[in-house]
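Please see the structure below; I have some questions.
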Amino acid sequence: MKADVIVIGGGHAGCEAAAAAARIGVKTILVTHKFETIGQMSCNPAIGGVGKSHLVKEIDAADGIMARCADRAAIHLKVLNSSKGQAVRATRAQADRELYKKYVQKELKNLDNLEIVEGEVTDFDIQNNQIGSVTVGEGKILKAQKVILTTGTFLNGKLFTGMDNNEGGRVGDNSSKKLAAKLRSIDFSVGRLKTGTPPRIHKESINWEILEEQKGDVPRPTISFLSDQSIHPEQVSCFITRTNEKTHEIIIGDLDRSPMFSGKIEGVGPRYCPSIEDKIFRFKDKKSHQIFIEPEGLNSDLIYPNGISTSLPKDCQEKFVRSIEGFESAQITQYGYAVEYDFFDPRELHETLETRKIKNLYFAGQINGTTGYEEAAAQGLVAGANAALSFLGKDPWTPGREESYLGVLIDDLVTLGTKEPYRMFTSRSEHRLILREDNADQRITEKAYKAGLVSEGRYKIFSEKINKIIKEKGKLAKLFLRPEDEKIYSALKIKEPKSATSFLDLLKRPELDFYDLARAFSIEIPENDIVFDIETNQRYSGYIKRQMDEIEKMKKNRNAHIPSNFDYSSVKGLSAEITQKLSKVEPKTLAQAWRIPGITPAAISALMVCLKRNEKETADKNARGSIREP
Amino acid sequence: MEQAIVACSTPQGRGAISVVRISGKEVKSIIYGLFSLKFDHGTSKVAETSLSEGFNEKCLISCFEGPASYTGEDVAEISCHGNPLIVRALIQKCIKLGAKNANPGEFTQRAFLNNKIDLAQSEAVIDLINASSGAAMVAASKSVSGNFGKNVDKILEKLRKVRILVESSIDFSDQDTNIDFMQINSLFNDFRCLLGDFDARIEEGIRIMSEHRVVVAGPPNVGKSSIMNILSGEEASIVTEIKGTTRDPIYKKIQIKDLQVDIYDTAGINEETRDEIEKLGIDKSRSLIEGADLILEVVDSENKDFSLKKDENILKVFNKSDISDPPKGFSGVVVSALEKRNIGALEEKIYELLSGDGTNALFSARERHRNLVKKAFLEIDSCPDPIDMKNVDIAAEHLKLADIFLGDIKSPMSADDFLGEIFSTFCIGK
């Protein structure tokens, strides 16, 4: 068998990678242990949230599958930050695990160029630092032009519950030891990370009456630009409870039986998603921690208590869970555990996510040190698209950090690397007011369409939306409030304008919203997304302009190009340590070099001076032209 | 550690002693090669080295093992007799033993690259070397020891307290963080006050470091050039009886007590002249007058009503007291350049006016710092006040930019470092 692109792994990165390559139109094979685990949500049953939903919307804008499937599986939807400014709003969906998986599998089955092969990848054939084929199981060889590795936590995965530990990538699934050994034999820099999950509790064993209920939003938001509410399944509520002093006492008493505190786990966990024992240990003053009770699905008997991930021994888990309000007679159906796994230093990747060391081999997802479905899917999309584009000999598709969170994610990874599981936050972006959820399509769809990722149907809908916005804006720019329009401004409860002011300019005032204005002017109100777009862009126009100027400056900075194979040891005044760091990352531009941790302002100025001198020397040489020196 | 560098750290020329400094990885072997001496951290030892056939130089060697040294590398300071020939021979020998000549500022650069000092401190080292008054020296040395940096840290700490709350309210709104906007606004006001205070101190820190520029100005032929020559102790300006002799401004560095002063002699202000070259000279005089820290407005009895019409930074000087008396009620200094009469009083007055109350400066500062603080101020002024739910996204932008500007004074902070601060403040993570 052979394929243009082979994707190894059927998690969120693998699915998005396979779908992207297939959409571009190359022959793609997805290899996974078991077909039925494709699209499995191994951690909490939710998609989106601040920063993460921005990624999902961008994936959607490139016609990826995550958002559409999440909408079809969404059993509880909320807009976070809804009382704050438009720029920071974010959508989050609780998803029915079974439904989500089902729709992902359906999407993949429907793709023309994609074939799915079940089995474990045991070996690669690498010659001259270039990958040629992969071996499945005992000796089935798949020839490939490009290989994308998305093995999640399965590389040398180790599961911990108390002092017991087992090999595995997820409860019930084996880890990929052979592959891990093969990868360790190639000269990649390997690190260990860990992540954890909470115990799962039987629904019927919870005392729901006394718990605080949290209902989903009405009207319900959607995640995909193309979805509407009619595709959502039945909606359910989430609930909230808290740990208490008794809980903390139990956990403190058993800390020495936690593999993390006894030093059995060497991997680094995420700072923002610590285990309950870690939280209690680090924030001793806090008497109580919130637990968000998430439904696992419409037909599931389980709930996911978000906030108490743990690797404490089973008896301790029982004890502390039952000390929590509402969980007094909780039945744990699956104990919490920590997973420790290998990841590879993402600084050894190109922006296309191809490894620097092995040509035609791409890495995406947790293997690069990230955490989260959305972060994984985002990398899958970029790796899948670029593997396919590279196979076709086309230009790569590498969204920049100034235009997308996809760009922020990948630029951070390949430039900064990571010491802990990397998660997206809006504060990682320099341009939060521009990189919004609502305009992800305007930032992504056009270029993704050119790369061949976006269907004609979606592109048509997108173009129509853009045209409507332009038309509507044109109309509103010519619609004026004049000093004589007393009826209008008194209806708006504002002062008489000194001179004619357009509807668009009136939108810049924070106290006026589109709908009030439209009523006062008695004009027809366009669709909600058009209103939101125009209103948001007007409200932030001053800031958007400023950030755009910054982006321009940044681009100029970026253009201060560092030649590949640049010899950093030739730069006067760089310490050995800094030379080593720069040689490792091989930044393409000065701006990229600047963000590498440990690079000092002095080092940057030394580098800048050297680049300028080289540039001048080259220019002088060229100016001398072909006159030969005697 | 990098290859050792060597340089003479004391001024060139003859003196009682000179100090040759070496820093880098070969320092231990160089010290052994020169003196057969074991390199011991924190010690000063006397030993001899042979610099030429039959000539042994006795030196004092102070050893500092990295990282506990100025540059963070192994450092030795060798004090020898202050003869340029000895210094040269000693440096040559160090080079033979593996060192190379240091570039200007390279010791400080290494200290900076090895994180021994921050950008502001390395600037202060240069300021300390160039300080042109006693007060400036004190201020710069406070900055070198980190006083300025500590002030910047204090302000950044305040700002980041606000930012931690503001950013958390955006990125972690679904978490159990209970962000209180009252608290945000009270911290924000604290920060704003502190920044205002800091801005004023920076002004003082810059003023004290600035060079003192004194301009001698007045009508033609009142003896400006003669005064300049007396103050500088040499014939810097040509003195004649002819009006308008001085065309291009003449500049000299002079020392009054512990104060270094740049003094400029200018073309006399003669409104009636038709001479194009003289006119150009007068234009130059005027622009120098505008930028002066102190103007010596020189008049004589024939020009007693002349005035530059300036109220600030002016010291009136009546010259030629040997042939005429000043008008009644003359408030300036009365001198005779010809007979060198009362010049001491003139110097005293110049010193008094220039040195001011600068001894209160808490640190030295630079224009670069002031510009960054001004930019930060602009952000704070355009930040919505009070900060609330609805405007928090916009407030976050202004606060972030203020952080970037202030952070640039020492070294900027990455988004990831900042997230680290959030995580250590709040228990975040469901």
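Compare each residue of the range A:49-89 in its chain alone against the assembly with all protein chains, and report those whose accessible area goes down by 10 Å² or more; 1.4 Å probe, heavy atoms.
At a threshold of 10 Å² (probe 1.4 Å), the residues of the range A:49-89 that become less exposed are A:Val50, A:Leu80, A:Asn81, A:Ser83, A:Lys84, A:Gly85, A:Val88.
Exceeding 30 Å between C-alpha atoms, which entries from my cross-link table qualify? They are A:Lys52/B:Lys390; A:Lys495/B:Lys161; B:Lys243/B:Lys316; A:Lys394/A:Lys419.
A:Lys495/B:Lys161; A:Lys394/A:Lys419, as the Cα separations exceed 30 Å there.
Cα-Cα over 32 Å: which of B:Lys25/B:Lys158; A:Lys78/A:Lys194; A:Lys158/A:Lys284; A:Lys584/B:Lys374; A:Lys588/B:Lys400; A:Lys359/A:Lys581?
Result: B:Lys25/B:Lys158; A:Lys584/B:Lys374 exceed 32 Å.
In whole Hz, what ³J(HN,Hα) sequence does the range A:228-243 give by Karplus (6.51, -1.76, 1.60; θ = phi - 60°), x for Gly and Pro?
Residue by residue, the range A:228-243 yields 10, 4, 5, 8, 5, x, 3, 9, 10, 9, 9, 9, 10, 9, 9, 6 Hz.
Got a number for carbon plus sulfur as a percent of chain B's accessible area, 1.4 Å probe?
51
In square angstrom, what is the accessible area per residue of chain A with a 1.4 angstrom probe?
For chain A, the solvent-accessible area averages 42 Å² per residue.
Given H placed 1.01 Å from N in the peptide plane, which residues other than close sequence neighbours of A:Lys27 have an amide H under 5 Å from its amide H?
A:Asp4, A:Val5
For the protein assembly as shown, what is the charge dipole size about the Cα centre, in debye to the nearest 20, if Lys and Arg each add +1 at the Cβ and Asp and Glu each add -1 at the Cβ?
1780
Heads up, I need the accessible area for A:Asp529: 1.4 angstrom probe, whole protein in place, Å², nearest 10.
70
Would you work out which of A:Val88, A:Thr122, A:Asn110 lies farthest towards the positive end of the dipole of the range A:68-142? Charges go on Cβ: Lys and Arg +1, Asp and Glu -1.
A:Val88
Under a 1.4 angstrom probe, counting protein chains only, how are A:Trp208, A:Trp397 ranked by accessible area, largest first?
Solvent-accessible surface, decreasing: A:Trp208, A:Trp397.
While we're here: Restricting to DSSP H runs of at least four residues, report the calculated mean residue ellipticity at 222 nm for chain A, -39500 (n - 2.57) per run over all residues, nearest 500 deg cm²/dmol.
Result for chain A: -11000 deg cm²/dmol, rounded to the nearest 500.
Further question on the same structure: Roughly how many Å² is the accessible area per residue of the range B:188-320, as a whole number, for a 1.4 Å probe?
Result: 50 Å² per residue.
For the range B:1-78 and the range B:203-275, what is the separation of their Cα centres, given in Å?
45
Does chain B come out rounded, prolate or oblate, given a ≥ b ≥ c as the square roots of the eigenvalues of its C-alpha gyration tensor, rounded meaning a/c under 1.5 and, failing that, prolate meaning a/b above b/c?
Here chain B falls in the oblate category.
Here's another thing I want to ask about it. Check each of the GluC sites (Glu not before Pro) in the range A:416-501 and keep only those in coil by DSSP with at most 15 other C-beta atoms within 10 angstrom; list them in order.
Sparse-neighbourhood loop GluC sites (Glu not before Pro): A:Glu484.
If R₀ is 45 angstrom, what is the calculated FRET efficiency for the pair B:Tyr351 and B:Lys375, using the beta carbon separation as r and rounding to 0.05?
Here the calculated transfer efficiency is 0.80.
Another question, then. Among A:Ser133, A:Ala338, A:Phe425, whose Cα sits farthest toward the positive end of the charge dipole of the protein assembly as shown (+1 at Cβ of Lys/Arg, -1 at Cβ of Asp/Glu, about the Cα centre)?
A:Ser133
At what distance in angstrom do the alpha carbon centres of the range A:392-447 and the range A:256-315 lie from each other?
Rounded to whole Å, the Cα centres lie 30 Å apart.
Oh, and also: Distance in nm between label sites at B:Arg274 and A:Ser522, each 7 Å beyond Cα in the beta-carbon direction?
8.0
For A:Arg347, B:Arg163, B:Arg213, give me the order by solvent-accessible area with a 1.4 Å probe, most accessible first, ignoring ligands, DNA and RNA.
Descending accessible area places them as B:Arg213, A:Arg347, B:Arg163.
In nm, to one decimal, how far is the modelled label at A:Ser83 from the one at A:Glu266, with both set 7 Å along Cα→Cβ?
Here the modelled spin labels are 4.8 nm apart.
Take the solvent-accessible surface of the protein heavy atoms, probe 1.4 Å, and return the percent of it on the range A:81-177 that carbon and sulfur atoms account for.
37
Amide H of A:Ala46: which non-local residues (sequence gap of 5 or more, or other chain) have their own amide H closer than 5 Å, using H built in the peptide plane?
A:Ala95
Going highest first, how would you order A:20-26, B:113-119 by mean Cβ packing within 10 Å?
Descending packing order for the listed peptides: A:20-26, B:113-119.
Something else: I need the fraction of alpha carbon pairs in the protein assembly as shown separated by more than 58 Å, rounded to a whole percent.
Beyond 58 Å sits 29 percent of the P(r) for the protein assembly as shown.
Let me ask something additional. In whole Hz and in residue order, list the ³J(HN,Hα) couplings for the range A:427-434 that follow from phi through the Karplus curve 6.51 cos²θ - 1.76 cosθ + 1.60, θ = phi - 60°; x for Gly and Pro.
Coupling constants for the range A:427-434: 6, 6, 8, 7, 10, 4, 6, 8 Hz.
Counting other Cβ atoms within 10 Å, keep those with at most 15, restrict to DSSP loop, and tell me which GluC sites (Glu not before Pro) in the range B:41-102 are left.
B:Glu53
Put simply, what bits of the range B:167-215 lose 30 Å² or more of accessible area when the other protein chains are there, versus the chain on its own (1.4 Å probe)?
So the qualifying set is B:Glu167, B:Ile170, B:Asp171, B:Ser173, B:Asp174, B:Asp176.
Given the options A:Ser185, A:Phe281, B:Gln92, identify the residue whose Cα lies farthest towards the positive end of the charge dipole of the protein assembly as shown (+1 on Cβ of Lys, Arg; -1 on Cβ of Asp, Glu).
About the Cα centre, the residue reaching furthest to the positive side is A:Ser185.
Just grab the label-to-label distance for A:Glu511 and B:Lys309, each label 7 Å out from Cα along the Cβ direction, in nm (one decimal).
It is 4.8 nm.
Report ³J(HN,Hα) in whole Hz for each residue of the range A:577-593, in order, from the Karplus equation J = 6.51 cos²θ - 1.76 cosθ + 1.60 where θ = phi - 60°; Gly and Pro get x.
Running phi through 6.51 cos²θ - 1.76 cosθ + 1.60 with θ = phi - 60° gives 4, 5, 4, 5, 4, 5, 5, 6, 7, 6, x, 7, 9, 5, 4, 5, 4 Hz.
Using DSSP to call loops (not H, G, I, E or B), can you name the GluC sites (Glu not before Pro) in the range A:95-190 whose Cβ has at most 12 other Cβ atoms within 10 angstrom?
Those that pass, being in a loop and sparsely packed, are A:Glu138.
A further question follows. Can you give the charge dipole size of the range A:191-291 about its Cα centre, rounded to the nearest 20 debye, using +1 on the beta carbon of Lys and Arg and -1 on the beta carbon of Asp and Glu?
It works out to roughly 460 debye.
Return the FRET efficiency for the residue pair A:Ala500, A:Glu212: r is the Cβ-Cβ distance, R0 is 60 Å, and the value is rounded to the nearest 0.05.
0.70
Follow-up question, since we're still on this one. Can you give me the % of accessible surface on the range A:187-286 that is carbon or sulfur? Probe 1.4 Å, all protein chains present, nothing else counted.
49
Dipole of chain A, Cα-centred, from +1 at each Lys and Arg C-beta and -1 at each Asp and Glu C-beta, to the nearest 20 debye?
Result for chain A is approximately 1820 debye, rounded to the nearest 20.
While we're here: Calculated FRET efficiency, B:Ile404 and B:Gln183, Cβ-Cβ r, R0 22 Å, to nearest 0.05?
Computed FRET efficiency for B:Ile404 and B:Gln183 comes out at 0.40.
Chain pair B, A: how much accessible area is buried, both chains summed, with a 1.4 Å probe, in Å² to 100?
Approximately 3800 Å², summed over both chains.
Hydropathy at least -0.5 by Kyte-Doolittle, axial extent at least 20 angstrom from the Cα trace: which helices of chain B, defined as entire DSSP H runs, fit?
Qualifying helices, which must be both long enough and hydrophobic enough, are B:147-171, B:181-209, B:276-290, B:392-410.
With the Cα gyration tensor of the range A:148-298 giving a ≥ b ≥ c as the square roots of its eigenvalues, does the rule (a/c under 1.5 for rounded; else a/b larger than b/c for prolate; else oblate) give rounded, prolate or oblate?
oblate
Here's another thing I want to ask about it. Note every residue of the range A:579-599 with a reduction of at least 10 square angstrom in accessible area, all protein chains present versus the isolated chain, computed with a 1.4 Å probe, or write none.
In the range A:579-599, residues shielded by partner chains: A:Trp594.
How large is the accessible surface per residue of the range B:321-393, computed with a 1.4 Å probe and reported in Å² as a whole number?
55
Grab the DSSP H runs of chain B that are 4 residues or longer, score each as -39,500 (n - 2.57), total them, divide by all residues and round the 222 nm result to the nearest 500 deg cm²/dmol.
That calculation yields -14500 deg cm²/dmol at 222 nm.
The values are calculated or read from the model by the stated rules, or taken from the named source; none is laboratory data. Bear in mind the structure is a predicted one, so any value in this text is a computation, not a measurement. All Cβ positions, glycine included, derive from the backbone under ideal geometry; neighbour counts span all protein chains shown. The protein model used for the area step is the full one, side chains on, heavy atoms only, and it has no ligands, DNA or RNA in it. Shrake-Rupley method; radii C 1.70, N 1.55, O 1.52, S 1.80 Å.
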